[in-house]
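Reading through the structure tokens given below for one structure.
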Amino acid sequence: MISEFTKTQNELHQNFQHINADIRSIKVKTDTLDNICFQNNFLPNFIKIDVEGAEYDVLLGASHILKGVDAIMIEISNNENNVFSLLNNLGFKKMNTLNKSNNIFFVK
């Protein structure tokens, strides 16, 4: 899978990192959590997700490992209803919102 920074994301990144280059896009190779964990023979029991709006896609790509995960902290900035529904269907319950941010802690 290939993901690209949008122009807005790139401008925010440049400002944060104090970069003056005019980069229009950056292509990066991505993979699912299921694939990464399988390839490394690793099964986490806790996951922290902060992916700037791609939360639902990340969760979809973690459908197998989420069965063994006990807790998730996730910053939800997009597709909130889909994220809540998916996690609820996997047996996760919302515990609280942390620090008046979009970070939410879920447990089974």
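Right, residue 103: on the phi > 0 side of the Ramachandran plot, surrounded by 15 or more Cβ atoms within 10 Å (Cβ to Cβ) and in contact (Cβ under 8 Å) with a residue 24 or more places away in the chain or not?
Values: on the phi > 0 side of the Ramachandran plot: no; surrounded by 15 or more Cβ atoms within 10 Å (Cβ to Cβ): yes; in contact (Cβ under 8 Å) with a residue 24 or more places away in the chain: yes.
Answer is no for this residue.
Those helices (runs of 4 or more DSSP H) of the range 1-86 in which 2 or more residues are surrounded by fewer than 17 Cβ atoms within 10 Å (Cβ to Cβ) and at pLDDT 95 or above occupy 33-39.
Among residues that are surrounded by 14 or more Cβ atoms within 10 Å (Cβ to Cβ) and within 18 Å of residue 43 (Cα to Cα), residue 90 is included.
The values are calculated or read from the model by the stated rules, or taken from the named source; none is laboratory data. Since this is a predicted model, take the numbers as computed values, not measurements. FYI the Cβ positions are ideal-geometry reconstructions off the backbone, even for glycines, and counts take in every protein chain you see.
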